Amino acid sequence: MQNQSININYQEFSSIDELNAEDRELACAAIEGMKGSYAPYSHFNVGAAVRMSNGQIVRGANQENAAFPSGLCAERTAMFAAGAKYPDKDMQSIAVAGGVYGRITDEPATPCGACRQVMAQYQAKSGKPMSVIMVGGKKIWKFEKVDDILPLIFDSI
């Protein structure tokens with residue numbers, strides 16, 4: 001037997017103003033995306049924004065449904081919309097922001113496992129790393145690739 005470890009590297013920012021212009025634009029789009037949230041049950045509004053290789057940004061928001069689990073997370077609404085609108089373009093990065101009753105949380109919003117797996121699929125499709133930005137009001141985390149938030153990614157091969 002051998003003990004192994006997995007190391008995860010990321011950058012932490014204390015303010016959205018510390019991000020470079022491109023990442024700041026994407027983070028702001030995710031925050032703006034929260035306005036499209038339909039969360040009458042959890043009251044937890046989530047917005048996501050995906051930057052495509054053509055420079056376009058596609059937003060999404062969580063959508064709840066009384067017939068749980070028929071709703072869908074913000075990350076997947078954004079990625080599926082981006083994939084449908086720009087099927088021949090790569091997803092370069094995604095930002096996620098969340099809050100209660102529309103007020104952003106201090107800590108970064110983190111994607112669920114299903115959303116992480118969908119991110120992994122789109123990253124694999126492009127053959128290039130897709131960065132992930134998790135936005136909070138008092139700190140922001142940036143990961144250079146999906147592997148950093150989903151080690152040992154599932155692959156059907």
Lysines within cross-link reach of Lys85: Cα-Cα under 26 Å, excluding same-chain residues under 8 positions apart? Lys35, Lys125, Lys128, Lys142, Lys145
Determine which residues of region 84-116 fall in the zone a paramagnetic label at His43 would reach in this model, i.e. backbone nitrogen under 18 Å from the point 7 Å along Cα→Cβ. 98-107
Would you pull out the residues with amide H under 5 Å of Gln92's amide H, same chain only if 5 or more places away, H placed 1.01 Å from N? Arg51, Met52, Ser53
Translational diffusion of region 71-157, µm² s⁻¹ [Kirkwood Rh, Cα pairs; Stokes-Einstein; 10 °C; 1.306 mPa s]: 118
Diffing region 118-131: the Karplus 3J(HN,Hα) column from phi (6.51, -1.76, 1.60, θ = phi - 60°), in whole Hz with x for Gly and Pro, holds 5, 4, 4, 5, 5, 5, 4, 4, 7, x, 10, x, 10, 6
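Quick check on the chain: what are the equivalent-ellipsoid semi-axes from the Cα gyration tensor, as sqrt(5λ), descending, whole Å?
Listed largest to smallest, the semi-axes of the chain are 23, 19, 18 Å.
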With the charge dipole of the chain built from beta-carbon charges (+1 for Lys and Arg, -1 for Asp and Glu) about the Cα centre, the Cα from Phe44, Tyr101, Ala81 projecting farthest to the positive end belongs to Ala81
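Where in the chain is the longest stretch that carries no chymotrypsin sites (Phe, Trp or Tyr not before Pro) classed as loop by DSSP and with at most 16 other Cβ atoms within 10 Å?
Longest site-free region, per DSSP loop and neighbour criteria: 42-100.
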For Gly71, distant residues with modelled amide H under 5 Å away: Asn65
Note to self: C-alpha centroids of region 70-112 and region 1-48 sit apart, in Å, by 9
Antiparallel DSSP beta bridges within region 94-157, as percent of all bridges there, nearest 5: 60
Gaussian network model of the chain, Cα springs within a sub-10 Å range: biggest mean-square fluctuation belongs to which of Asn45, Asn20, Asn54? Asn20
About the Cα centre, and with charges only on the beta carbon of Lys, Arg (+1) and Asp, Glu (-1), how big is the dipole of the chain? Nearest 20 debye, please. 320
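Computed from the coordinates by the stated procedures, all read-outs in this text should not be read as laboratory data. Computed from a prediction, not measured in an experiment: that's the story for all the values here. When we count neighbours, we look across all protein chains shown, and the Cβ atoms used for this are built from the backbone with ideal geometry, even at glycine.
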